[in-house]
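First comes the structure, then the notes that go with it.
Quick note: the coordinates plus some simple rules give every number you see, no bench work behind them. Fair warning: this is a prediction, and the values are worked out from it, not measured in the lab. Methodologically, a virtual Cβ is constructed for each residue, glycine included, from the backbone with ideal geometry; neighbour enumeration extends over all protein chains shown.
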Amino acid sequence: MILDIDHVGIAVDDLEGSVERYRRTLGVEPSHRERVEDQGVEEVLFPAGASFIQLLGSLGADTPVGRFLATRGPGVHHVAYRVDDVAASLARLRGEGVRLVDEVPRRGSRDTLIAFVHPKEMGGVLIELVQIAG
């Protein structure tokens with residue numbers, strides 16, 4: 001089911017300042033930037049081997065990342081696992097009785113298909129499943 005870690009999502013209060021901090025302190029340049037309106041985020045990806053570090057800036061207080069920042073502050077928001085088929089992964093998880101945030105795959109950044117697994121099912125960690133286009 002899991003092929004690799006796709007990315008680790010980190011919610012930040014100041015996206016531009018965080019991007020600059022990552023550039024300066026880690027010596028890494030962003031490889032992708034995208035505004036995802038329907039998820040209420042702007043993301044910046046930094047390569048980390050075959051995976052990414054994803055900085056998430058909220059587009060408003062009443063968005064998932066905005067609410068996360070208001071209640072928990074900046075920090076790790078989710079871990080994303082690359083899978084070959086998000087729909088099949090959801091069906092398998094549903095069959096195991098796992099509570100899902102997304103019942104069907106939806107479009108993510110980088111032209112991916114994504115779905116989230118409820119954090120209460122995974123020891124308090126929000127899990128994202130990512131299927132690369134192709």
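If you take the residues of segment 1-30 that are in a loop (DSSP other than H, G, I, E, B) and exposed (fewer than 13 other Cβ atoms within 10 Å of the Cβ), which of them is farthest from the chain's Cα centre (by Cα)? Before the answer, list the steps.
Initially, segment 1-30 is screened for residues in a loop (DSSP other than H, G, I, E, B), giving 1, 13-14, 27-30.
Next, only the ones that are exposed (fewer than 13 other Cβ atoms within 10 Å of the Cβ) stay: 1, 13-14, 27, 29.
On the way: Met1: 18, Asp13: 16, Asp14: 17, Gly27: 22, Glu29: 19 Å.
Filtering first and then ranking leaves Gly27.
Based on this model, can you work out whether Ala61 counts as free of Cβ contacts under 8 Å to residues at least 12 places away in the same chain and closer than 18 Å to Arg35 by Cα? Don't jump to the end; show me each part of the working.
On the way: free of Cβ contacts under 8 Å to residues at least 12 places away in the same chain: yes; closer than 18 Å to Arg35 by Cα: yes.
Yes.
If I filter segment 35-43 for residues that are among the charged types (D, E, K, R), over 17 Å from Pro64 (Cα atoms) and free of Cβ contacts under 8 Å to residues at least 40 places away in the same chain, do I get at least one hit?
Filtering segment 35-43 down to residues among the charged types (D, E, K, R) leaves 35, 37-38, 42-43.
In the following step, the residues that additionally are over 17 Å from Pro64 (Cα atoms) were identified as none.
For segment 35-43, residues among the charged types (D, E, K, R), over 17 Å from Pro64 (Cα atoms) and free of Cβ contacts under 8 Å to residues at least 40 places away in the same chain: absent.
Go through Val101, Val28 for me and flag whichever is in contact (Cβ under 8 Å) with a residue 12 or more places away in the chain, in contact with a Phe, Trp or Tyr (Cβ under 8 Å, 6 or more places away or on another chain) and over 15 Å from Ile127 (Cα atoms).
Values: Val101 fails: over 15 Å from Ile127 (Cα atoms).
After applying the criteria, what remains is Val28.
Somewhere in segment 53-73, is a residue of a type in the set (S, T, N, Q), surrounded by fewer than 19 Cβ atoms within 10 Å (Cβ to Cβ) and out of contact with any Phe, Trp or Tyr (no Cβ under 8 Å at 6 or more places or on another chain)? Write out each step before concluding.
The first filter runs over segment 53-73 and keeps only residues of a type in the set (S, T, N, Q), leaving 54, 58, 63, 71.
Now drop any that are not surrounded by fewer than 19 Cβ atoms within 10 Å (Cβ to Cβ), which leaves 63, 71.
Filter again for out of contact with any Phe, Trp or Tyr (no Cβ under 8 Å at 6 or more places or on another chain), leaving 63, 71.
Looking for residues that are of a type in the set (S, T, N, Q), surrounded by fewer than 19 Cβ atoms within 10 Å (Cβ to Cβ) and out of contact with any Phe, Trp or Tyr (no Cβ under 8 Å at 6 or more places or on another chain), one finds at least one in segment 53-73, hence yes.
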